[in-house]
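The values are calculated or read from the model by the stated rules, or taken from the named source; none is laboratory data. Nothing here was measured: the structure is a model prediction, and the numbers come from that model. Neighbour counts run over all protein chains shown; Cβ positions are idealised from the backbone, glycine included.
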Amino acid sequence: MKTMLIAINSKYIHPNLAVRYLKANTHYPVDVFEYTIKDTQEKIIEDIMTYQAHLIGFSVYIWNIEIIKALLKKIRALSPKTKLLLGGPEVSYVNEGFFKDDLADYIIVNEGEESFNLLLEALHQEDNLKNIPNLIYKEKDLIIKNKIKIIKNLDNLNNPYFILDHDDYQHKIQYLELSRGCPYQCAYCLASLEKGLRFFSLDHVKEILDSLIKRGGKTFKFLDRSFNANPKLAQEFLEYIISRNDKNIVYQFEINGDVLKKPFIEFLVNKAPKNLIRFELGIQSTNDQVNQEVNRYQDTQKLIANIQELKKSNVTLHLDLIAGLPYEDLNSFKNTFNTIYQLFPDELQLGFLKILKGTSIYYKTKEHQINYQQVAPYEIIDSKYIDQASLEIIHQVETMLNIYWNKGFLNKSIKFLTKDMDAFDFYLQMYDFFKKKNYSTLRYHFKDLFIYLIEFLKVNQLFTNQIESYLKYDFLNHYPIKPQIYWEHLDNKNDILRSFHQKHPEFKIDDLYKYALVTDYLDGYLIVLYHPKHKDIIEYKND
């Protein structure tokens, strides 16, 4: 029996860990085919028909569900005897429609490693399917749902990482797990439906990590729903990756922020090196009524205080908000945004509520009068609390926030501009200005963003010598080599450099003439030396 597993990933850099786990944990021959959502359906169908599989398994997610539905229909038409297997979050909780529409013969829900191997065994031996856990199948006109079973000892799973010899470890994100399951019950999240929080042993994860780094892995993202669910284990692992002293490697973790303890934060402040650790923290809302309605019981003040302490460390902080939650109108979300924005995280993501099938909120859409897209990604259109126009306003703010804050090249200027002000209105006014001027928010030159911002600030009487100086600093700091500037060159550049050299003879005058760019800055000058391998930025007053 020929079996193929198909993964259709959102991007090349995002490999599918699920199909690798299935292949690694079966005794039977299986071939894995990976594509991205940019690959044509014709190409995928051609590969499927050439392979002539008896069983085809698809890993189904929100980003590929519509593509896979179309592929399933084509496979049914072209090869009606081929058996179809589905797995993944998009089919794990609301799935009867796939059987009614004849798009699946089998669905494996939750963890599939053991179930997949048992299914192949049953199909090879033409055995009964009733004892295969996590399996759903159709028998005559009945949809049979077998018992649910979790894998208690995760260390018993075979290593899924090195079964595909062609993997490009250096240029792909490597997904790892310290745990499975989620200790929280957020109403909008599929992870809230996963029962049984379990952990891999630290030695197991270290061994895998070491092997991936030796093969060139550079970016590691942990799939744990709450990496710090076991604080002791989390800190031990962080201590380990810090002690490795690897260069040019990044680790990403999703953590719960309001339960962090002082010793854990102090450890990161004292020990975490720059650019090694990235934390993603879901805040979603600062409105207690909103959070309680979606079963999110966070201590917002403690969370904010912990984030402020974490900012003293070298950890990169990515914070998430969700627009469209029950009881959150435009004013409430604006307050949430402005409160969290003033923390000035490295990135602030504005997400929009998605009604994922099977979640608690999926069953309460009528109660909250939530209208949402009926195809993936199932994003909210409006509700009894927030209308479509208000959500569009938030999208507009999101657009400008992504350009002028989240890209990270204007932080000095934008932080100075927006500190202690209504940042939501600032970004909204900027969006309106872009539209009035017909400036594109999608296609632009880097230099244009500065020119547009300066124009906007002048129109709104916000342009000062200080902000002009900070914009120059951000612009010059962005470039590794000497750029074309958007302001006029100084006529007395060499006079300034000679004066600087007299006070700082450690800088060779020939290097200053060759590498330096000089501009007015505050009440002095900014001297930027673009050496071949490094850059010096010096604030200088010619007193």
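A few points about this structure:
- Members of region 349-374 that are farther than 16 Å from VAL294 by Cα and out of contact with any helix residue (DSSP H, G or I) (no Cβ under 6 Å at 6 or more places or on another chain): GLN349, ASN371, TYR372, GLN373, GLN374
- Residues that are within 21 Å of the chain's Cα centre (by Cα), modelled with pLDDT of 95 or more and either of a type in the set (Lys, Arg) or more than 13 Å from SER179 (Cα to Cα) (or both) do not occur anywhere in region 191-208.
- Residue list for region 206-237, filter: among the basic types (Lys, Arg), under 24 Å from HIS318 (Cα atoms) and not in a strand (DSSP E or B): LYS218, ARG225, LYS232
- Near pairs, Cβ below 6 angstrom, 6+ apart or cross-chain, from region 486-504 (without any contact (Cβ under 8 Å) to a residue 60 or more places away in the chain) to any residue that is among the β-branched types (Val, Ile, Thr): TYR486/ILE451; LEU490/VAL518; LYS493/VAL518; ILE496/VAL518; HIS501/ILE509
- For LYS472, the test of being surrounded by fewer than 17 Cβ atoms within 10 Å (Cβ to Cβ), among the basic types (Lys, Arg) and outside any loop (DSSP other than H, G, I, E, B) is failed.
- Residue match in region 174-187 (condition: more than 23 Å from TYR61 (Cα to Cα), touching a residue at least 40 places away in the same chain (Cβ under 8 Å) and of a type outside the set (A, V, I, L, M, F, W, C)): no
Residues checked against (1) under 18 Å from TYR479 (Cα atoms); (2) part of a helix (DSSP H, G or I):
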| position | (1), (2) |
| --- | --- |
| ILE496 | no, yes |
| GLN502 | no, yes |
| PHE507 | no, no |
| VAL518 | yes, no |
| LEU529 | yes, no |
| ASP536 | yes, no |
| GLU539 | yes, no |
| ASP543 | no, no |
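- Any pair with Cβ under 8 angstrom, 6 or more apart, that starts in region 212-232 at a residue that is at positive phi and ends at one that is among the aromatic types (Phe, Trp, Tyr): GLY216/TYR169
- Take the conditions (1) without any contact (Cβ under 8 Å) to a residue 40 or more places away in the chain; (2) touching an Asp or Glu at 6+ places or on another chain (Cβ under 9 Å); (3) not hydroxyl-bearing (Ser, Thr, Tyr); LEU512 misses just one of them, which is (2).
- Residues that are touching a strand residue (DSSP E or B) at 6+ places or on another chain (Cβ under 6 Å) and hydrophobic (A, V, I, L, M, F, W, C) were ranked within region 379-438; the one that is nearest to ILE454 (Cα to Cα) is ILE394.
- Looking across ILE414, ILE454, ILE467, one residue alone is free of Cβ contacts under 8 Å to residues at least 12 places away in the same chain and crowded, with 17+ Cβ neighbours inside 10 Å. It is ILE414.
- Residue check, ASN477 within 34 Å of the chain's Cα centre (by Cα), among the polar types (S, T, N, Q) and surrounded by fewer than 17 Cβ atoms within 10 Å (Cβ to Cβ): yes
Table: residues versus (1) loosely packed, with under 13 Cβ neighbours inside 10 Å; (2) polar (S, T, N, Q).
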| site | (1), (2) |
| --- | --- |
| ASN9 | no, yes |
| ARG20 | no, no |
| LYS23 | no, no |
| HIS27 | yes, no |
| VAL30 | no, no |
| TYR35 | no, no |
| ILE45 | no, no |
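- Region 338-377, residues that are in contact (Cβ under 8 Å) with a residue 24 or more places away in the chain and more than 29 Å from MET400 (Cα to Cα): LYS357, GLY358, THR359, SER360, ILE361, TYR362, LYS364, HIS368
- LEU391 vs. criteria in a loop (DSSP other than H, G, I, E, B) and either within 25 Å of the chain's Cα centre (by Cα) or surrounded by fewer than 19 Cβ atoms within 10 Å (Cβ to Cβ) (or both): no
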